[in-house]
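Have a look at the structure below, then the notes.
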Amino acid sequence: MTFSSIGDLARSFQMTRQTGQAKETLTRLTNEVASGRADDAGRHLGGDFSELAGIERGLSLLGSYRTATAEASARLSAMQSVIGHARSVGDDQGSKLLKLGDLGLPSQIDAAGREARAQFDALVHTLNTRTGGRSLLAGAQSDGPALAPPETIMSALSAATAGETTAEGVRAAVEAWFLDPGGGFEAAGYLGAEPAAALRVSQQETVQIDVTAADPALRRTLAGLATGALLVEGALAGDAAGRAGLATEAGALLAA
C-alpha cells in the first residue's frame, strides 16, 4: 500500500488557509444575520433580481403611502381646528348681536359692530391658514391665500349695500354677495380653486379633503360677521332703529 503525506510546512499553510476561510465565512454570516441582507445578493438570488426589485418597489410605495397619510392627518387636524374656531366665533357673535338688536343702545350697537369687524378680519386670516407651506382651504390652488384681504371684501360689501335703506335690504345684499353662484364672493372674495385631488394612502384607499373656504357654511358665517361689521362702515347711518334691526339680521344669519 502506498501512503502520501505532506510536509509540516504545507500542512501549516493549509490549516492557516482553512482557518482564514472559516473566519471570513463566519464574519459574512454574522453580518447577514445582523443586517437581514445577503452579502452577495447576486449569488444568493442566482442572478434573478426580479423578486428583490419587487420587494424594494413595495417598500418605496409603503414609504410614499406613509408620507401621504401623515400629510392627510396633519391637514385634517388643522382643518378641524380652523372650522371649530369659525363655528365658535359664529355662535358667540350671533348670540351677542341678537341680544343687542332687541335691547342695545346706539353706543352698544356701535361697539358690537366694531367687535364683529374685528372678528371678521380675524376669521378671514384664520381661513387663510397655511400648513406645510400650502394654503389649507384654497383647494387645488394652494400656493396662495384662500380669501381676499378683509379690507377688500368689506369695501366690496359697502359698495353692494350703499343703496339699501332697510336692515332687511342690507342683509339680502350681503347674502347675495356671499352666497349667490357667480356672485361677488366667487368673483372676488374666494381666491382658491376646486378641491385638490384625493391623496392615495394605500393601494385600495384614498382620502378626499374637499372642504375649502368656499364651503356654504363658512360663507354664511362670513356673511353674518360682515353684516355686523357694516354697522361701523356707515350702513344705515342716522337710522337708530334700522341699525338695531341690522344687528338682529346679522345675529340671525350667524344663528342659522
For this session: Give the long-range amide H neighbours of Arg200: residues separated by 5 or more places, or on another chain, with amide H under 5 Å away, using H modelled in the peptide plane at 1.01 Å from N.
Result: Val207
For this session: Please list 77-90, 223-236 highest first by mean number of surrounding beta-carbon atoms within 10 Å per residue.
Result: 223-236, 77-90
Exercise. Considering amide H positions built from the backbone, and no H for Pro or chain starts, which residues 5 or more places from Leu147, or on another chain, come under 5 Å of its amide H?
Worked result: Leu191
Seminar exercise, completed: For the range 183-256, listing trypsin sites (Lys or Arg not before Pro) in a DSSP loop whose Cβ sees at most 15 other Cβ atoms within 10 Å gives none
Problem set entry | 3J(HN,Hα) from dihedral phi, the range 249-255, Karplus parametrisation 6.51/-1.76/1.60, rounded to Hz, x for glycine, proline | 4, 5, x, 5, 4, 6, 5
Exercise. If you plug each phi of the range 221-232 into the Karplus form 6.51 cos²θ - 1.76 cosθ + 1.60 with θ = phi - 60°, what whole-Hz ³J(HN,Hα) values come out, in order, with x for Gly and Pro?
Worked result: 4, 4, 5, x, 5, 5, 4, x, 5, 5, 4, 10
Exercise. So who's got an amide H within less than 5 Å of the one on Arg130, skipping anything under 5 residues away but keeping other chains? H placed 1.01 Å off N, in plane.
Worked result: Leu136
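Read-outs throughout are calculated quantities, based only on the coordinates presented, and are distinct from any laboratory measurement. Please read all numbers here as calculations on a predicted model, not as lab measurements. Cβ atoms come from the backbone with ideal geometry, glycine included; neighbour counts cover every protein chain shown.
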